[in-house]
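Here the structure is laid out as structure tokens; the discussion comes afterwards.
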Amino acid sequence: MNDSRLDELLNAELDNELSTDEQQELQQLLETSDEAAAERRTYMKLDQMLRDMPQQLLPAMLHQRIVSGARLPKAEAKTRPSWFGNLWQSPVTRFSFAAAAGVLLSLAIFNAGGPNIVEAPSSDMLGSMVPTQGDSVDLIDRLQLSGAGFASGATLLQQEEGLILSIDLESDTPVEITVDFSNSGVQPTSLSNASNNFEIANFEAPFLRLRGNGQRKLQLSLSRIGDATAADAATIQLEFSSTGHASQRGSLRLSH
Amino acid sequence: MDKAIELALVKRCQQGDRKAMELLLTDYEKPVYNAAFRMLGNRDDAADVTQSAFMKAFEKIASFNSAHRFFSWIYRITMNEAIDQLQHRGRMQQVDVELVDENAAPQREVDASQVSDEIQAALLELNDDHRAVIVLHYFSDCNYQQIAETLDIPEKTVKSRLFSARQQLKLRLARHGIFSL
């Protein structure tokens, strides 16, 4: 056994690329050679040090510099009857639009036990996006919120199967999220992406409560309840249980 | 970001929707900036590269191939921009690459900030190809397949570059006394 082979095995171990045979080969080496064990500790330490490197904060104004300077292809002229008329040809779309008629999804982030709820600046609420025909997935609206130690996004999608609400979270501390569907005319029917789901997901109408930290993601299928056309609002609230940071509130809106 | 959401946003951008553009930007600007910073070791240069990369991506969004991921595309543009920036500098700031000192410095006590600085300095001593795989793997959380797609190289090459880069980092950090060999 040479050093090169040992390095190769140790690198493969770091990347979870060891085969069963290689695992046994490495294990034998580690048990019989103090040098091999020391080398392994060195690689592990290097790997951890790289992972522990601090994230750099985005420079002030960089976002605005990019937004103000970026150019997109010229927008296509669109008229409401065109997309609406075409979309309306699909029974799935017809049903989904009926279910979601007038739905307003509000998303709020606030501290546990803290009355300090602050409206997010309107510039953070990027507004509604009207579905267009031809896409397998239509983005209806998306809201992104961020604060000290967390970033969260909520997206309302129209898919063939119906309405989907996708929630993703990245947080340094445990976060509790309450999704409020009061008066929305829709409610969650199933969760997906369970492999990286929140630690707790509990639905007691009209509230869905989630808890997690780190990187979390889930998708909710939404179904119609009651008289959707009479409903005009739904609220999603995200509650932070252990941090004392200022809170934010925004909304997702579907209109037609 | 979920692939379906990302694709829907790209399609909106292709239709000229600036709201979708801003949403994509918001999701990716921080990791892209961090990747640029680790490639360049300079905040101002990283900001310039980030800005340039996004502006090019959005300007050319119509040519985006939806078979790929947007993040792979923006990282590839960023890496190319960063390497161009380094070449533009004429590598004047590159630390002189010495042969590995067989008599590595004794391990010394250093705080987290010093370790971070030492690692960044060691990163800058790597060649661009090796630094790119380390940056994408450790600072952009890309797996082999994603790095391969971003850099347009085979996964086998990703693996070998990562292997070589770690070896070099290990030796250089030992030389600086961060840990013993």
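The values are calculated or read from the model by the stated rules, or taken from the named source; none is laboratory data. Quantities reported herein were computed from a predicted structural model and do not represent experimental measurements. Positions of Cβ are backbone-derived with ideal geometry, glycine not excepted, and every protein chain shown enters the neighbour counts.
Some observations on this one:
- Of the criteria (1) more than 12 Å from the chain's Cα centre (by Cα); (2) without any contact (Cβ under 8 Å) to a residue 40 or more places away in the chain; (3) surrounded by fewer than 23 Cβ atoms within 10 Å (Cβ to Cβ), which one B:Asp45 fails: (2)
- Looking only at residues of region A:129-156 that are within 23 Å of A:Phe181 (Cβ to Cβ) and either modelled with pLDDT under 65 or charged (D, E, K, R) (or both), we find that the one that is surrounded by the fewest Cβ atoms within 10 Å (Cβ to Cβ) is A:Val130.
- Odd one out for A:Gly114 among (1) in a loop (DSSP other than H, G, I, E, B); (2) at pLDDT 50 or above: (2)
- Count of region B:56-101 residues, restricted to those that are over 30 Å from B:Arg175 (Cα atoms) and either modelled with pLDDT under 90 or of a type in the set (A, V, I, L, M, F, W, C) (or both), is 15.
- Scan region B:48-68 for residues that are touching a helix residue (DSSP H, G or I) at 6+ places or on another chain (Cβ under 9 Å) and free of Cβ contacts under 8 Å to residues at least 24 places away in the same chain and the total you get is 5.
- Residue in region B:48-56 that is more than 9 Å from chain A (Cβ to nearest Cβ), over 18 Å from A:Arg71 (Cα atoms) and among the aliphatic types (A, V, I, L, M) present: no
- Enumeration of residues in region B:48-76 that are among the aliphatic types (A, V, I, L, M) and crowded, with 20+ Cβ neighbours inside 10 Å: B:Val49, B:Ala53, B:Ala57, B:Ile61, B:Ile74
- Selection over region A:138-164 of residues that are of a type in the set (Asp, Glu) and within 8 Å of another protein chain (Cβ to nearest Cβ) gives a count of 1.
- If you go through region B:150-169 and pick out every residue that is surrounded by fewer than 21 Cβ atoms within 10 Å (Cβ to Cβ) and assigned to a helix (DSSP H, G or I), you end up with 9.
- Residue under evaluation B:Asn80, criteria (1) assigned to a helix (DSSP H, G or I); (2) within 12 Å of chain A (Cβ to nearest Cβ); (3) surrounded by fewer than 21 Cβ atoms within 10 Å (Cβ to Cβ); (4) not hydrophobic (A, V, I, L, M, F, W, C), criterion not met: (2)
- Residue match in region B:24-40 (condition: part of a helix (DSSP H, G or I), among the aliphatic types (A, V, I, L, M), at the interface with chain A (Cβ under 7 Å from one of its Cβ atoms) and more than 21 Å from B:Val135 (Cβ to Cβ)): no
- The set of residues in region B:1-42 being of a type in the set (Phe, Trp, Tyr) and either under 15 Å from B:Ile77 (Cβ atoms) or in contact (Cβ under 8 Å) with a residue 60 or more places away in the chain (or both) consists of B:Tyr28, B:Tyr33.
- Counted residues, region B:12-42 - those being surrounded by 21 or more Cβ atoms within 10 Å (Cβ to Cβ), of a type in the set (Lys, Arg) and farther than 29 Å from A:Met53 by Cα: 1
- Residue within region A:84-106 that is modelled with pLDDT of 50 or more and among the hydrophobic types (A, V, I, L, M, F, W, C) present: yes
- If you go through region A:1-38 and pick out every residue that is assigned to a helix (DSSP H, G or I), more than 20 Å from B:Asn143 (Cα to Cα) and not hydroxyl-bearing (Ser, Thr, Tyr), you end up with 19.
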